[in-house]
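Undergrad: Right, I'll just put the structure down here and ask away after.
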Amino acid sequence: MHKWLLRIAIAVVLSPIANATAFAQQPPAAEQVFKLAVSRDADQALRLEWTISPGNYLYRDKITVTRSDGFPLETDTPRGEHKDDPSFGETQVYHRTAYAVVEPSASPPNGTLTVSYQGCAEQGICYPPLMRTVDLASLRVIDPVKNARPETSPSDEWISSEPGTPFVDTSGTTDEQAVLRGSWTSTIFSFLGFGLLLAFTPCMFPMIPILSGILAQSGGRLTARRGAALSIAYVVAMATAYAALGVAVAWSGQNLQAALQTPLAIGMMSAVFVALALSMFGFYDLQLPQAWQSRLSGADMGRSGSILGAGIMGFGSALIVGPCVTPPLAAALVYVAQTADVVRGAAALFALGLGMGLPLVAYGTFGAGAIPKPGPWLSVVKHVFGLVFVGMAIWILSRVVPQWATLFLAGLLFVALGVALLMNFLRRRKAAGAWPSAILAVSLMALIPGALAIVGSVNGPSVRVFEMVGLSTGPDGNAEASPYERVTTTQALDLALGQARQKGKAVVLDFTADWCVECKIMDRTVFGNPEVAERLRDVVLIRADATDYNDDTRKLMSRFDVVGPPTVLFMKSRATSEIPDTRIIGPADARTFLARLDRLHPSTTLTKSGE
Amino acid sequence: MLRKLLMTCAIRLALSLALLMPTGFSSFAQGADTSSEAILNDPSAPAGGNPNGNLTIVTFFDYNCPFCKKAEPDLERVVKEDGQIRLVYKDWPILTKASVYGARMALAAKYQGKYDAVHSALMAIPGPKIPEERMLDAIQRSGVDMPLLETDLKNHADEIDEMLKKHLAQADSLDLRGTPAYIVGRFRVASALTYVQFKQAVADARKQAAKK
């Protein structure tokens with residue numbers, strides 16, 4: 001588990017989007033900095049393409065290609081950038097990408113070639129030359145057999161350090177381990193900061209109505225102080241939930257994120273929101289069981305009770321929101337698992353949770369002051385929140401139920417809203433002013449699309465109508481239009497790639513998983529898009545399914561340095577690796593996807609340049 | 001739009017988080033020649049600075065490494081100004097074939113006590129791809145006894161090879177990825193530094209040593 005997480009972390013650091021700061025400490029291995037891919041141009045010329053991590057460069061004149069008998073082959077390389085530096089002399093280098101072309105006459109259809117190349121990092125380190133063997137038949141780049149390094153074990157013998165910044169902050173501790181890992185305060189504050197950043201992702205939106213619900217229930221006693229107390233209780237509990245998650249991960253080594261995204265867990269989350277909504281509609285008062293309340297000592301029973309309630313809600317909310325903030329949370333968990341330090345890991349995640357909750361505390365405190373005295377408006381607000389909660393429940397559920405069911409439920413919600421408003425209108429229709437007609441208008445605005453949605457969900461994908469009324473949920477059923485090959489092992493992938501190569505077709509390799517929410521969204525918005533489906537007809541679509549996190553799928557992901565789904569790779573026909581800078585990491589829309597598809601069939605015009 | 005922005009933020013965040021993690025635990029091969037003792041105090045390795053200094057800096061370098069050459073004067077200056085630093089040279093020719101040639105010549109010069117002169121001459125040629133001829137030219141002008149150098153190179157060929165192999169193993173055990181790399185006290189520095197950074201490294205290494 002730890003090793004796997006470490007690999008993910010390395011992949012994260014090395015991913016093409018990494019900026020130069022990713023270099024801060026130990027530079028990555030040269031193999032990861034300069035990635036070579038080989039393909040054939042239309043005229044059978046051999047094309048070597050390098051993807052170079054930012055902050056590194058490849059020497060133009062260090063690119064050499066030799067036949068297996070040692071005979072050097074001529075290569076065409078484009079003019080590089082001039083490196084003007086007294087300690088470098090006259091040198092041409094490439095940043096980001098580089099390519100070299102070997103003429104068809106010099107590159108036989110089979111056999112092997114040896115490619116040698118070399119580069120440096122701007123940070124101030126030069127890598128030894130890299131040698132790669134290219135199998136001309138399959139165009140595979142064969143990594144040299146490396147003597148297995150002994151398993152790295154933590155050693156306190158040397159301390160890794162980075163240039164530029166103070167080497168290691170040793171103040172306040174003489175503990176070697178702590179020296180090795182940076183100071184406690186910096187860890188805590190970093191995670192607090194990251195949490196704060198996370199607070200502004202849409203994942204946190206559901207927290208606002210939940211907290212508002214708690215605050216609203218507190219009714220007349222709502223002062224800024226009380227609001228602060230409630231929201232702090234809520235946020236601290238939320239942070240505690242994250243800390244618990246950290247401890248659980250550090251101990252169990254299980255992928256809790258995957259577990260949290262199972263249909264069962266999602267169904268339960270949805271149920272929680274329904275329960276919340278029912279409470280908002282006044283079906284019952286959301287309170288702790290009487291037995292618990294009476295057990296709570298202290299003079300002010302009701303008060304401490306609802307603070308505890310806020311705490312419980314906070315704890316639960318963290319679990320609800322948890323799956324939504326998966327990518328950064330996973331990175332945080334990597335840290336925890338890697339340090340294998342339960343206390344520190346828990347503290348770090350607690351800080352993350354606190355950071356996420358700080359804006360909520362601000363909202364609870366100052367927002368509470370702004371809320372006017374309770375009155376009939378409070379029940380209206382409660383009902384609105386109830387509505388939002390039901391919407392949340394449907395939204396959460398939409399990850400696991402079919403499209404039509406989501407549409408049906410959404411339609412039901414709108415119709416219910418419309419009916420409720422209509423009844424309200426009937427009650428007040430005698431009243432003066434524009435108020436009743438406004439209610440009627442809103443009622444109809446809810447009723448009509450709601451009814452349409454229900455009809456549509458039953459009748460199938462006549463979706464355009466709903467898109468027009470802003471009920472866009474994407475076309476349904478079209479996702480099946482593009483057939484794909486599902487693979488879960490590297491062997492199966494090789495087989496599928498081989499078949500694609502035989503057919504001479506380009507490959508789109510999509511890493512997906514059932515528990516990956518963003519993948520589901522992309523299934524609808526991208527793979528379900530008719531234009532995408534049409535374009536995918538000329539392409540072999542392979543889906544690497546990481547639903548089961550096992551050794552096979554991990555290997556599959558690490559082979560392409562994939563951090564996690566959704567990730568999509570684009571490979572030209574007969575190429576062995578992806579087109580540089582085309583990988584889609586994380587959710588993308590159909591337009592981005594189509595643009596990447598364009599790169600699969602570019603006009604391969606090569607501008608030869610002499611010296 | 002917003003989603004893309006947020007995703008970018010999330011990726012950045014993941015990156016920063018990954019960066020937080022301590023990296024580069026060094027591994028140690030079983031062989032005695034990669035022990036910290038051998039890295040710091042190999043009596044056969046060329047050394048400069050103050051032999052009785054209270055801090056040791058080990059430099060791993062290549063005679064065709066532009067960053068090594070750029071950083072060299074700064075390193076020498078810090079060692080000289082400080083007066084309490086012992087500087088150990090580890091010829092680690094990994095970049096070009098000529099680098100190996102240069103390293104052998106420098107190590108051979110050690111037998112006549114002229115390692116420093118040859119080393120400095122080679123480090124003074126700027127550029128990443130100096131061929132053997134240009135290296136030889138610089139060595140000849142360094143004031144070394146050339147006939148003696150040739151003889152030592154021949155007679156001590158095995159020792160010199162052993163030495164280079166040892167350095168290779170040590171660099172490997174330190175998980176060094178390229179040149180230059182430095183050991184400053186207990187710190188492992190995996191890239192070229194500036195004068196100020198060297199000074200900072202030295203100060204931090206001393207502070208760290210004092211805490212022990």
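Derivation of every value follows stated rules applied to the coordinates shown; laboratory data play no part. All of these numbers come straight from a predicted model, not from anything done at the bench. Don't worry about glycine lacking a Cβ; one is built from the backbone with ideal geometry, like all the others, and counts go over all protein chains shown.
Undergrad: For A:Ala29 paired with B:Asn54, estimate the spin-label separation in nm (one decimal), with each label point 7 Å from Cα along the Cα-to-Cβ line.
TA: Here the answer is 4.1 nm between the modelled labels.
Undergrad: Could you line up A:His95, A:His601 from fewest to most neighbouring Cβ atoms inside 10 Å?
TA: Listed from fewest to most nearby Cβ atoms, that is A:His601, A:His95.
Undergrad: Quick one: length gained pulling A:Arg140 to A:Ala106 fully straight, 0.36 nm per residue minus the C-alpha distance?
TA: 10.5 nm
Undergrad: Right, another one. If you take the beta carbon distance between A:Asp548 and A:Trp395 as r and set R0 to 25 Å, what does 1/(1 + (r/R0)^6) give as a FRET efficiency, to the nearest 0.05?
TA: On the way: r = 26 Å, r/R0 = 1.05.
So, using R0 = 25 Å, E works out to roughly 0.45.
Undergrad: Can I ask one more? Roughly how many debye, to the nearest 20, is the charge dipole of region A:39-134 about its Cα centre, given +1 on each Lys and Arg Cβ, -1 on each Asp and Glu Cβ, and no other charges?
TA: 280
Undergrad: Shifting gears a bit: From a point 7 Å beyond the Cα of B:Gln112 in the direction of its Cβ, which residues of region B:137-177 have a backbone N at a distance under 16 Å?
TA: The answer is B:137-157, whose backbone nitrogens lie closer than 16 Å to the label point.
Undergrad: Take B:Glu37, B:Glu76 and order them by how many other Cβ atoms sit within 10 Å, fewest up front.
TA: Ranking B:Glu37, B:Glu76 by Cβ neighbours within 10 Å, fewest first, gives B:Glu37, B:Glu76.
Undergrad: If you take the beta carbon distance between B:Asp172 and A:Ala248 as r and set R0 to 30 Å, what does 1/(1 + (r/R0)^6) give as a FRET efficiency, to the nearest 0.05?
TA: 0.20
Undergrad: Only counting other Cβ atoms within 10 Å, I'd like A:Arg559, B:Arg104 sorted with the fewest neighbours first.
TA: A:Arg559, B:Arg104
Undergrad: Still on this structure, I have one more. What is the spin-label model distance, in nm, from A:Val380 to A:Thr133 if the labels are put 7 Å beyond Cα along the C-beta direction?
TA: In this crude spin-label approximation the distance works out to 7.8 nm.
Undergrad: What FRET efficiency do you get for B:Glu76 and B:Lys154 if R0 is 51 Å and r is their Cβ-Cβ distance, rounded to the nearest 0.05?
TA: 0.95
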